[in-house]
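*Asks:* Handing you this structure, nothing more for now.
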Amino acid sequence: MDRILRLDITGKPVQWLDWQSAAVLYARGMVTWTLGEVVYQLQGGLCRATGQRSSLKLHSIVACNGRPNPHPRSHPPLTNRALFRREQHVCMYCGNRFSDHDLTRDHIIPVSRGGRDSWLNVVAACRRCNQHKGNRRPEECNMELLALPYVPNMAEYLALINSARIRGDQMEFLRGQFSRNSRWL
């Protein structure tokens, strides 16, 4: 099922919606503008006064009225799923491609040595490379990172967590807002 990309009034991506939640926004008059193709066309009941059947066309991208979030997240939440997709399922040490269950979250500076569990201190690593590195920094075991970690912005994060089901028009919109560090450009 296609998901609908919700934007705030300024055009910043906020979240993914199912069609039911999007229909509620339309019905409440909260959708101020739309982009992309119509992905759902809903048919309602008959109007008693006119005899006309109501219908609602849901677009793939909707912007809602209201104030922009005054306190937007400074960083999207760090999850293994988003991390592995940021790295495009490639181990950042050996360069081989792996499935989700064969990758691990590696802390460049180990947590036990003062490292943090943050976007800038983690990379995807295969089990073999992660075990070889152990509780050391990459330079202590002659390992090099293939790419530096970075923090995805909200547009890229939304693309990362929904990449298997994202529509072309939605990806085109989001890609225009990716950070310059993105590996998805």
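Coordinate-derived values only; no laboratory data. These figures come from a predicted structure and were not determined experimentally. Here the Cβ positions follow ideal geometry from the backbone for every residue, glycine too, while neighbour counts run over all protein chains shown.
*Asks:* Taking the Cα centre of the chain as origin and charging only Cβ (+1 Lys, Arg; -1 Asp, Glu), how large is the dipole, in debye to the nearest 20?
*Replies:* Result for the chain is approximately 300 debye, rounded to the nearest 20.
*Asks:* Exposed loop sites here are trypsin sites (Lys or Arg not before Pro) in DSSP loop states with at most 15 other C-beta atoms within 10 Å. What is the longest stretch of the chain lacking them?
*Replies:* 74-115
*Asks:* Amide H neighbours of Ile108 under 5 Å, counting only residues 5+ apart in sequence or on other chains, H built in-plane at 1.01 Å?
*Replies:* The list, which skips near neighbours in sequence, is Val122, Val123.
*Asks:* When the dipole is taken about the Cα centre of segment 53-123, and only Lys, Arg (+1) and Asp, Glu (-1) are charged at their Cβ, what size is it in debye, to the nearest 20?
*Replies:* In total the dipole reaches around 440 debye.
*Asks:* Among Ala63, Ser163, Pro110, whose Cα lies farthest out toward the positive end of the dipole of the chain, if unit charges sit on the beta carbon of Lys, Arg (+1) and Asp, Glu (-1)?
*Replies:* So the residue furthest toward the plus end is Ala63.
*Asks:* Name the residue from Trp184, Ala124, Gln41 whose Cα lies farthest towards the positive end of the charge dipole of the chain, charges +1 on Cβ of Lys and Arg and -1 on Cβ of Asp and Glu.
*Replies:* Gln41
*Asks:* Nearest 0.05, what FRET efficiency do Gln131 and Asn181 give at R0 = 25 Å with Cβ-Cβ as r?
*Replies:* That pair, Gln131 with Asn181, gives E of 0.30.
*Asks:* Using a Debye calculation, one point per C-alpha and no hydration shell, please list log10 I(q)/I(0) for segment 37-105 at q = 0.21, 0.29 Å⁻¹ in order.
*Replies:* Log10 I(q)/I(0), no solvent term: -0.92, -1.17.
*Asks:* Can you list the GluC sites (Glu not before Pro) in segment 82-185 that are in a DSSP coil and have 14 or fewer other beta carbons within 10 angstrom?
*Replies:* Within segment 82-185, the qualifying GluC sites (Glu not before Pro) (loop, at most 14 other Cβ atoms within 10 Å) are Glu144.
*Asks:* Determine the relative contact order of the chain: mean sequence separation of Cα pairs under 8 Å and six or more apart, normalised by residue count, in whole percent.
*Replies:* It comes to 20 percent, rounded to a whole number.
*Asks:* Right, another one. Cα convex hull of the chain: how many Å³ per residue?
*Replies:* 131
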